1. Could you grab me the full set of residues in the stretch 279-306 that are out of contact with any Gly (no Cβ under 6 Å at 6 or more places or on another chain) and away from ligand 1 (no atom under 16 Å from the Cβ)?
2. Kindly indicate whether residue 41 is open to solvent by 10 Å² or more (accessible area, probe 1.4 Å) and either away from ligand 1 (no atom under 12 Å from the Cβ) or modelled with pLDDT of 95 or more (or both).
3. Residue under question is residue 35, and the condition is that it be in the same structural domain as residue 146 (by TED's automatic domain parsing), part of a strand (DSSP E or B), among the polar types (S, T, N, Q) and buried (at least 18 other Cβ atoms within 10 Å of the Cβ); does it hold?
4. Touching a Ser or Thr at 6+ places or on another chain (Cβ under 7 Å), within 14 Å of ligand 1 (Cβ to nearest atom) and over 21 Å from residue 213 (Cα atoms) - does that describe any residue in the stretch 45-63?
5. Restricting the stretch 16-27 to residues that are of a type outside the set (Phe, Trp, Tyr) and open to solvent by 10 Å² or more (accessible area, probe 1.4 Å), which is farthest from ligand 2 (Cβ to nearest atom)?
6. Restricting attention to the stretch 94-141, which residues are among the hydroxyl-bearing types (Ser, Thr, Tyr) and either out of contact with any strand residue (DSSP E or B) (no Cβ under 7 Å at 6 or more places or on another chain) or open to solvent by 30 Å² or more (accessible area, probe 1.4 Å) (or both)?
7. Residue 82 versus (1) surrounded by 14 or more Cβ atoms within 10 Å (Cβ to Cβ); (2) away from ligand 2 (no atom under 16 Å from the Cβ); (3) in contact (Cβ under 8 Å) with a residue 40 or more places away in the chain: which is the lone unmet condition?
8. For the stretch 18-72, how many residues meet the condition of being polar (S, T, N, Q) and more than 20 Å from residue 158 (Cα to Cα)?
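The values are calculated or read from the model by the stated rules, or taken from the named source; none is laboratory data. Quick caveat, the model's predicted, so the values are computed rather than measured. With ideal geometry, Cβ positions are generated from the backbone for all residues, glycine too; neighbour counts draw on all protein chains shown. Only protein heavy atoms, including side chains, enter the accessible area calculation; ligands, DNA and RNA are left aside. Shrake-Rupley method; radii C 1.70, N 1.55, O 1.52, S 1.80 Å.
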Amino acid sequence: MAVFRRKRKTVGLDIGSAFAKLVEVDHGGDTPELTRVAVTPVPPGAMTDGEVTGPGRLRALVQKLGETLPAGTAEVVTALGGHDVFIKILSMPSPSGAPKGEAVRREAEHHIPFDLREIRLDHHVLGTDPDDGSADVLLVAAKRERVEARVALLGGAGLGVSLIDVEALALHNMLLHNHPEAADGMATLVNVGHEVTSVNIVDDGVPVFAKGLPFGLGWILDRLRRARGLTRSEAEQALRHRQYGTELASVVDTVAGHVVTGVERASEVITTRSPQRGIGRVYMSGGGACIPGLADYVARRVKVETRLANPCRRVQIRPGVAAHWALDQAAPMLGLAIGLALRTT
Ligand SMILES: Nc1ncnc2c1ncn2[C@@H]1O[C@H](COP(=O)(O)OP(=O)(O)OP(=O)(O)O)[C@@H](O)[C@H]1O
Ligand SMILES: [Mg+2]
């Protein structure tokens, strides 16, 4: 009998502006296994830039997702993103090994654009250099009220929170678990969502750049709906099957162009910091990555190898889970939720 077995299952919950995704991963075997997937649309305006703007509607929706879990599953891992979350890597003096929390907090005051009394701060020591007595520290800060709002939302829906992650780091986790080669040199992950597209750069496995850009698939879908008088889901189907006509092809191209500009700007920042590094290979995730031809377009324009990140590449799928789901189609939008569920808390 396994007396000291670690907690077997982790539930990841990603509440996006278009879809909320709940996934459960079983960590009991040699390879993590996806045992549950539930996705539900989020009403427009209920979640904006990572902020809960329609708490009543969201609570009902999260409760419904929570009810798909077996009785007794009380806790989930969820993530915050958007403007009120801040990630930075600091190099700080630390003559006697890894810096302690208080020293990091004092150093953080110089780097964080928020009042320290209003934030929740966390850090992770990436490495120390005994020769020059310095340490590299990954600093993560989130507005306290945002953390509290999320805990309250989930609590109201009957769910506890075992961990609040940061979107960029959960995506990073998903990428490195499934594509370990991305930890070798530089790699860029572009997550195209409904309202936000995020660009994340990894240097030898360390997240060195994360930026959210204010556009996504919603922009294209709105135009498609207005031009054709379609419902949201009809517009999604039309986009998915490229049935949008030439007038909208140019809107799709515009968004693809914005994605390219975002990647190029990130590349400039990285190249300024470390010339010759480039952005490595580009991986794409998020529902928007499913637009046919987007990855090829980015590859052609940025001139680097570009591919879809597969959040289930090194995650087994329990038979039956895929039965309800065209997982190959839906997988890119599950990247963040799977990154959350890959945490063993
Ligand atoms: N297979 C697909 N083909 C084309 N579009 C898709 C596909 N799957 C999802 N989408 C669209 O991709 C968009 C982004 O989906 P995603 O779930 O990543 O957004 P979100 O996480 O809710 O948004 P955000 O992260 O910006 O808040 C949605 O508008 C959705 O309609
Ligand atoms: Mg999203």
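1. Across the stretch 279-306, the qualifying residues are 279, 281, 282, 299, 300, 301, 302, 303, 304, 305, 306.
2. No: the conditions fail for residue 41.
3. Against the criterion (in the same structural domain as residue 146 (by TED's automatic domain parsing), part of a strand (DSSP E or B), among the polar types (S, T, N, Q) and buried (at least 18 other Cβ atoms within 10 Å of the Cβ)), residue 35 qualifies.
4. Yes, the conditions are met somewhere in the stretch 45-63.
5. Once the filter is applied, the top-ranked residue is 27.
6. 96, 128
7. (2)
8. 3
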